[in-house]
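Input: a single structure, listed below in structure tokens.
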Amino acid sequence: EKMQVSHFISFLLLYAFGAKASSTYNLYFDGILHPDAGNRLAGQGDDANGSDCSTLPPTFLTELSTNFMNDIIHFYNTVQLNMASESTEELSESAKCLVAQDDIFCRTTAVGGSCVAQHLSESDDMEVNVLTRLQKSKEGISIRAEVIMTAPTMHLARETLTGMVPRASLKLGCSTDDMVWSIQHQPSFTEAKESFLGGNDSVIADQERKDCRAASIDELILGKAWMKNRTRLDHTSSTSHLLDVWSYEDVKFLTPVKSLFVDGYLAATTSPSGVAHAEALVHPAMIAHPSPTRALIISLTPNVIVKEVLKYKSINHVSVVGLDEVATSLIEKHMPNQCECGFMGPKEPSNCMQCTAVKVVKESLNSWLFSQEESFDVVFVDVPIGNHEWLSTDMYDRLHNLLSEKDAIIVVSSGSMPSLFEVDTETILSSRESLIRHVSRESKFGGLDASTLLYDEPLAQPLSSTYIIIFPQDAGSPYYRFVRRNAPAIDVDLVNRLRPDISDRGHPTMVYDGPTHLNYLMISRAWEHWYCQTIPGRNLPVCADFLPKWFNQSYHFSNAEVKRDPKKGRSLITREDIPKGHFVLPDDAALGIRIERDKWEALNQFVEDFPDATMFRDFRDFVIAFGFESESLERSGWVVSIASNNSFTNHACTKEEETTTTIRDIHFTEDGGNDIEFSPPVNRRADLFGVLTMTSRDVKAGEELTMDYSCFRENPDEEFKEFLREICEEENGGLVHDTVIE
């Protein structure tokens, strides 16, 4: 017992104050002793399953534990030799001298027997602690082994214990059908401290740590003792990555799942998350683009992404860059359905990666980016979990130069949405956050001046479930097609634009369709919370001023009346004093009709095609007379109020006459004049920001509420300006209720 305490204390000291960088993993193994093994080793006859464990001789458990420990040490040396061979590094002499010490303590009690053995390398850079127990149970004699391994690297410790799982059942005399195991990373004092406090690495933000942990092989496979039939199908390496393919049964899925891990993180899977991730990356952009023909895919494991892109009949070229050839081969071997492109027709190979439209680039990504002169309509960047190079601003500056001149789109998958309650409020930005700021910043401030939006697909987790969609052409056709809230139109686009062999099979996608797209347009409040808690969002008026006022009842004023005016016909008059910067008739935002840009264009075309359909013309004219063009972030088209007194707000012909204004120009600019092209608070309340009005000065009770109508057009043309001049020159001044311009 003293020996146990001594070893345990020495282990804790090494764990807490370890001078060398190391990684510790725990293996927990439980099984039922095979009757034949129990009978042979314990000498209990045919009645072993019913015997009292206290009668087992100490030598029985000692033999099991010693054999198991010796096998661990032998296998550790084998793994280290293989790793040294793969990395072309020589194995250290101290590692070759790894031997087992003979410190073993055994005893038997009424509840079973136990044995503890500690083994150290001579250089103290590796440590194994094994605790083995036997215990009687109703199933028979259960055996438990707990292994604590501290090794120089995480991979070495994890790989050794992973490889020991199938060997453990043999060495410990267990039936492979009756065993439960888990392998868990035990962070050191330094690792735990850095994880809690954030450490000194400014590149790794808390959210990135969580995303990596959620997609790690530790979290998904090794640490889940309840998961059935976990089997490693392949273990190999490429020139740059360590690769593992696992098969397992999860109670959430009807069929066994196969998953590929790259450097210990999930990269491809046959579970629904694999398809959900690919569909969310590909289809929103492909539907938003009017007619994409050339696509670029940057991905380590592009198989299923290529498959989704090839579903569109307009596509005639797909360049694939950055892939790991060994990883893609493993997917083809173990997950063939992710590469199956039978819908391409009998003249094309069934493997998507081999289709004639697909060009696989073997050149490195960085080299290719600076030598490439081709252009692309849609670019998909599938950022590997834990990778930061593919989020560098320099990379996207180069990608921007590869876009076609019109209607191009970039989509980036990276991480997950931020936590609603855990937000790092420091000035340090993660790689993803820095990229978002860069692409949405105006070009005169060094950015790409792109309209930038976010959307999430929770079903893609633990793969990346957040997507950044970038429209570099400043809100062109793809932008308006993406933000349209018209689920039937998106469904129709899917039917018409996918290859016939796909649409004829029924639902062509598993996750994406029109209603799903509408969900993408309303991002979680977690993004607003993150934006308003971090720099620069928390200092911007939309967070610091607008939101606190909007949810403060004292800033809402609705006491206004419509009065007859001898010159203007009707005027909107306030019945109470309204201070500057307060909201006027805020219920107007809830009483409007929005006509999306595509519907507005269709209405005008319909009026032109059928001029005798006067009701449609009258409706169009009503919208023009009483409505206004609203092109706030993430919305487009026209808005007209159907039951609000705000409809009778007259035009202010002079600055002195103006008493109200929109909130758009007040809250969309950073200090220094940088227009904001990315704002989750505005994205989430696009309908509100497009119609809400506020007082531009202190207004006294009895004053008329007026507004400069020039804000009703995003880009007022000369015809509209002339229209405003004419109504101001009329005797009624400012009245527009009976006037319509085409």
Q) What length, rounded to one decimal in nm, is gained on full extension from Lys406 through to Asn337, with 0.36 nm per residue of separation minus their alpha-carbon distance? A) 21.4 nm
(Q) Expected output is a single nm value to one decimal: the length gained when fully extending between Glu657 and Glu601, i.e. 0.36 nm times separation in residues minus the C-alpha distance. What is it? (A) 16.8 nm
Q) Under a 1.4 Å probe, what is the accessible area of the stretch 451-496 per residue, stated in Å²? A) 30 Å²
Q: Indicate the gyration tensor shape class of the stretch 428-477 (rounded, prolate or oblate), computed on the Cα atoms with a ≥ b ≥ c the square roots of the eigenvalues: a/c under 1.5 is rounded; otherwise a/b larger than b/c is prolate and the rest oblate.
A: oblate
Q.
Within the stretch 586-649, what whole-number % of the accessible surface is contributed by carbon and sulfur, with the 1.4 Å probe and all protein chains included in the calculation?
A. 59 percent
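Can you say what percent of the DSSP beta bridges in the stretch 234-375, counting only those with both residues inside, are antiparallel? Round to 5. Mind showing how you got there, number by number?
Numbers: 15 of 23 bridges.
Of all bridge pairs located within the stretch 234-375, approximately 65 percent are antiparallel.
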Q: First compute the accessible area of the stretch 224-380 with a 1.4 Å probe, then give the percent of it belonging to carbon and sulfur atoms.
A: 51 percent
**Q.** DSSP-loop chymotrypsin sites (Phe, Trp or Tyr not before Pro) across the stretch 248-324, with at most 15 other Cβ within 10 angstrom
**A.** Phe253
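Taking the Cβ of Phe380 as the centre, find all other residues whose Cβ is under 13 Å away and add up their charges (Lys, Arg: +1; Asp, Glu: -1).
Here the count lands on -2.
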Q.
How much length would be gained if the chain were fully extended between Lys567 and Leu170, taking 0.36 nm per residue of separation minus their Cα-Cα distance, in nm to one decimal?
A. 133.1 nm
Q | Residue-normalised accessible area of the stretch 228-275, expressed per residue, 1.4 Å probe, Å² | A | 48 Å²
Q | Check: the stretch 558-655 dipole with +1 on Lys, Arg Cβ and -1 on Asp, Glu Cβ, in debye | A | 580 debye
Q.
Can you tell me how the stretch 270-363 classifies by the Cα gyration tensor, rounded, prolate or oblate, using a/c under 1.5 as the rounded cut?
A. rounded
Q: With a 1.4 Å probe and every protein chain left in place, work out the accessible area per residue of the stretch 506-574 in Å², rounded to a whole number.
A: 49 Å²
Q | At R0 = 51 Å, FRET efficiency that the Cβ-Cβ distance of Glu608 and Ser364 yields, to 0.05 | A | 0.40
**Q.** Rounded to whole Hz, the Karplus (6.51, -1.76, 1.60) HN-Hα couplings of the stretch 148-156, x for glycine and proline
**A.** 10, 10, 10, 10, x, 10, 4, 5, 5
Q: Provide the per-residue ³J(HN,Hα) series for the stretch 695-700, in order, calculated from phi with Karplus coefficients 6.51, -1.76, 1.60 and θ = phi - 60°, each as a whole number of Hz, with x at glycine and proline positions.
A: 6, 8, 7, 5, 10, 8
Q: Provide the FRET efficiency to the nearest 0.05 for the Ser558-Asp717 pair, computing r from the beta carbons and using R0 = 51 Å.
A: 0.90
(Q) Quick check: at a probe of 1.4 Å, how many percent of the accessible area of the stretch 449-493 sits on carbon and sulfur atoms? (A) 52 percent
Q. So how do 366-377, 490-501 stack up, highest first, on mean other-Cβ count within 10 Å?
A. 490-501, 366-377
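The values are calculated or read from the model by the stated rules, or taken from the named source; none is laboratory data. On a predicted model such as this, the values are computed, not experimentally measured, just so you know. Note that each Cβ is placed from the backbone with ideal geometry, even for glycine, and that neighbours are counted across all protein chains shown. Surface areas here come from the heavy atoms of the whole protein model, side chains and all, with no ligands, DNA or RNA. Shrake-Rupley method; radii C 1.70, N 1.55, O 1.52, S 1.80 Å.
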